[in-house]
Structure formats: structure tokens, C-alpha cells
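A short worksheet on the structure shown next.
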Amino acid sequence: MRLIILTHYFPPEIGAPQNRLYEIALRLCKKGVDVQVLTAMPNYPKMTIEPAYKGKWYANEVIDGMQVYRAWIWVGKSKGILSRLLNYFSFVFTSIWIGLFKLQKAEYLLCESPPLFLGISALILRRAKRAKLIFNVSDLWPETAEKLGLITNKFILNITTKLEGYIYSKSALITGQTQGIVNNIKARFPDKTVYWLPNGVDVSFYNTEAITSKWREENSFNADAFLILYAGIIGHAQGLEVILKAAEGTKDMPNIKWILLGSGPEKEKLLAMKEAKNLQNVFFFEPLPKIKMPEMWKAVDASVVPLRRLDLFKGAIPSKIFEGLAMQKPLLLGVEGEAEDLFIKEGKAGLSYIPEDGEDLAKKAKYLFNHLQEAELYGKNGYTYVESKFNRDAIAENFFNFLSSHLSE
């Protein structure tokens with residue numbers, strides 16, 4: 001079996017889609033699948049081409065047995081719609097060109113969305129490579145972009161809505177990252193086969209018993225500090241202002257410290273907010289390579305995972321939930337709907353707070369700090385839950401079996 005993965009994002013970039021696609025590809029390789037990856041020159045989230053790839057139109061490398069083809073992409077620092085569209089469409093065109101001449105024929109082509117526009121490249125390449133199209137939806141576009149205010153132009157929204165429907169109609173299989181996404185697509189396109197392909201975690205990589213860490217000491221946090229970590233993209237959807245508002249509400253408990261690890265378009269605004277409010281209990285750190293993250297998680301006491309309070313996100317499961325739970329850290333979850341049902345109500349992995357409500361987040365943080373034994377139990381519950389229900393090995397095994405028994409017919 002040969003599988004092409006077409007994606008805007010892939011390691012050495014760090015981020016949720018990068019890790020998710022790499023991990024499932026790696027496991028499929030181990031099952032004998034010949035995986036080819038067609039992706040862009042690494043640039044995300046800093047929107048600067050990484051030094052090893054600068055000035056290149058095309059690059060070819062092997063990563064853990066996977067043949068990875070990289071195509072040129074336009075990148076810019078502007079947050080405007082024109083800059084974003086140039087970034088998306090430059091890779092659409094170069095991926096078509098590189099894909100036509102470099103990719104081998106394959107049984108399947110899995111295209112990662114967003115960005116939705118990459119589906120144009122997928123439609124052309126699946127025909128050229130005689131592959132069945134698997135369209136993997138990790139965010140519902142253009143719905144998400146519209147509700148977050150990222151795209152407001154009615155003409156563009158109309159075009160992208162029609163493109164979404166057309167791509168779905170030409171897909172042999174649509175995969176959704178959450179049950180909410182799956183149900184949404186099934187309701188709108190009842191004739192299509194839609195499969196839940198969730199995110200997950202490699203629990204062996206986050207083996208808390210085998211990991212030692214000096215991160216706390218190296219960064220001058222004392223043993224009494226209660227460190228609450230947000231690790232991920234500092235973007236629009238997360239609504240990270242809630243963390244700084246909660247930090248205001250915990251000033252009376254100076255041992256509670258808030259850590260934001262990552263980069264993204266909202267970081268400068270949050271740094272300015274920290275200075276304006278003189279928040280001495282908030283700390284920003286640059287992203288770490290994946291190999292370093294277990295040491296970071298070992299050093300902290302809890303994780304916080306926020307999203308904006310939109311109905312759209314009631315079907316979301318942020319990927320940053322999994323690492324903290326794999327490291328047995330209690331979860332402060334600001335996401336209503338599916339994620340709360342799974343990880344708080346069913347998994348009993350922590351406490352939920354009202355999304356975008358800094359006062360409620362501060363209250364829940366204080367509760368964990370004052371009930372450390374209960375917090376520890378939440379962490380252990382979370383580990384048990386993700387190990388049994390969101391283990392990457394089982395997810396890849398089930399997906400491979402589905403392709404072999406259903407899509408090959």
C-alpha cells in the first residue's frame with residue numbers, strides 16, 4: 001500500500017498538525033505502508049523559512065523512512081487576508097508542480113485541511129496519481145475562519161463554501177479529528193463516508209517515571225511554586241487573554257505562576273497586556289523542540305487549555321490536552337462541549353472553567369493549589385484515560401485496518 005500525505009505543515013515545524021500527521025505516518029510506515037509526504041518549506045509559526053531551506057524551490061529528504069518532498073512557499077509577516085492567501089495559494093501551485101513530477105502513483109492521497117485551498121492541489125494530484133482522495137478535516141473551513149473573523153469577505157466565503165462541498169463530493173473518504181466535525185459533515189453530506197480519526201498521544205514518549213528535569217531550577221522557580229502551563233500556538237482561536245485575566249485574580253496567591261510557552265500572531269499583544277497590568281506572575285517562553293517537552297511537563301504542576309467561547313468549538317478537542325495528561329498533570333479546561341464531556345466528565349482529568357472567564361479560571365486554579373492530593377488524582381485519571389482511549393498506536397492500527405478492509409474495495 002502506498003499513501004501520499006499532502007500537507008501545508010510538517011516537522012521540523014512544531015505544532016498540532018505537524019505532530020499528528022508525523023505520528024500516524026510513522027506508525028503506518030511500520031505496518032509496511034509506503035508513505036510519501038508532500039509539504040512546504042518549514043516556516044510555521046514564525047512565518048520565516050528555516051535557515052536550512054532558505055532559497056530553495058524544491059527539497060527532498062528522508063525522515064524516519066518517509067520520503068518527504070518540499071516545495072517553495074511564500075511567507076510574510078503581515079496578518080492581513082492578502083498575505084494569508086498568498087501563503088496558501090503559493091503552496092497550492094508549487095505542490096501541484098512538484099507533486100506531478102516527483103510523487104509516485106499511490107492507492108491513497110490524504111490531504112490535510114485547513115487550509116481548505118490545498119484541496120485544489122489534492123483534486124489534481126489524486127487524478128494524476130490514480131489515488132483515492134482522503135480529505136482529513138481538523139478544522140471546519142470556511143466556518144471556523146468566518147466565525148473567528150479571519151475571513152470576512154462575502155465573495156471569498158461563498159467561493160470557499162462551494163469549494164468545500166466540491167472537495168467532499170470527490171473524496172472517497174472524509175476523516176474528521178473530532179466527533180463534532182464528523183457529525184457536522186455527516187449531517188450536511190449524508191451520502192459520504194466519514195471516519196473519526198482523532199488526535200492522540202504516544203504515552204511511552206511521555207513516561208513520567210523515566211523522565212528527569214531541571215527546568216524548574218534552571219528558570220528560577222522555587223519548589224513551592226505552582227506552575228500552570230499553556231503550551232501551544234499563541235493564536236486567535238485560543239483566547240489567551242483569559243490566562244492574563246486569571247493571573248490578575250491570583251495575585252493574592254503569589255505561588256501560583258502562569259507560563260505561556262509558544263509563539264504566534266497574538267504573542268506581542270499578550271506581552272503588552274502583561275506589561276500594562278504589571279503581571280509578575282506571568283512568564284513567556286519560546287517554543288521547545290518536541291524532544292524537550294517531556295522535561296518541561298515534568299517541571300510543571302497543571303496545564304491550562306483555553307478556547308474562545310464559540311458554539312463552533314463545542315466540537316473541538318485541542319491537541320494540547322494530550323501531552324499534559326500523558327504526563328499526569330491535572331487539566332484546567334476552558335472548552336465546552338465534546339472536550340469537556342470526554343476529559344472532565346468522563347475522564348475526570350481535571351476541572352473545567354467557563355471559556356473566556358478569567359475570574360472562573362482563577363477560582364479553579366486556586367482550588368487545585370489548595371487541594372494538591374485531588375489535583376494529583378486528576379492527573380492520574382487523565383493518564384489512564386488517554387492511555388486507553390487516545391493511544392496513537394491503536395488509532396493508527398484502526399485506521400490501517402479501515403483502509404485495508406473498506407476503502408480498498
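The residues of segment 157-184 that are at pLDDT below 95, among the β-branched types (Val, Ile, Thr) and buried (at least 18 other Cβ atoms within 10 Å of the Cβ), listed by number, are 160, 178, 181, 182. Residue-level analysis places residue 350 outside the set of residues that are farther than 18 Å from residue 390 by Cα, small (Gly, Ala, Ser) and either crowded, with 23+ Cβ neighbours inside 10 Å or touching a residue at least 12 places away in the same chain (Cβ under 8 Å) (or both).
Of the listed requirements (1) open to solvent by 60 Å² or more (accessible area, probe 1.4 Å); (2) in contact with a Pro (Cβ under 6 Å, 6 or more places away or on another chain); (3) among the aromatic types (Phe, Trp, Tyr), residue 141 misses just one: (1). For segment 8-67, a residue qualifies if it is basic (Lys, Arg) and modelled with pLDDT of 90 or more, and the qualifying residues are 20, 27, 30, 31, 54, 56.
Among 187, 223, which is the only one that is assigned to a helix (DSSP H, G or I) and without any contact (Cβ under 8 Å) to a residue 24 or more places away in the chain?
After ruling out the rest, the residue left standing is 187.
Among the residues in segment 320-333, are any farther than 16 Å from residue 228 by Cβ and either crowded, with 24+ Cβ neighbours inside 10 Å or free of Cβ contacts under 8 Å to residues at least 24 places away in the same chain (or both)? Within segment 320-333, one or more residues are farther than 16 Å from residue 228 by Cβ and either crowded, with 24+ Cβ neighbours inside 10 Å or free of Cβ contacts under 8 Å to residues at least 24 places away in the same chain (or both). Which one is nearest to residue 304 (Cα to Cα) among residues in segment 228-250 that are part of a loop (DSSP other than H, G, I, E, B) and modelled with pLDDT of 95 or more? Looking at the filtered set, the residue picked out is 240.
The values are calculated or read from the model by the stated rules, or taken from the named source; none is laboratory data. These figures come from a predicted structure and were not determined experimentally. Neighbour counts are summed over all protein chains in view; Cβ atoms, including those assigned to glycine, are modelled from backbone coordinates with ideal geometry. Please note that ligands, DNA and RNA were not included when accessible areas were found on the heavy atoms of the full protein model with its side chains. Shrake-Rupley method; radii C 1.70, N 1.55, O 1.52, S 1.80 Å.
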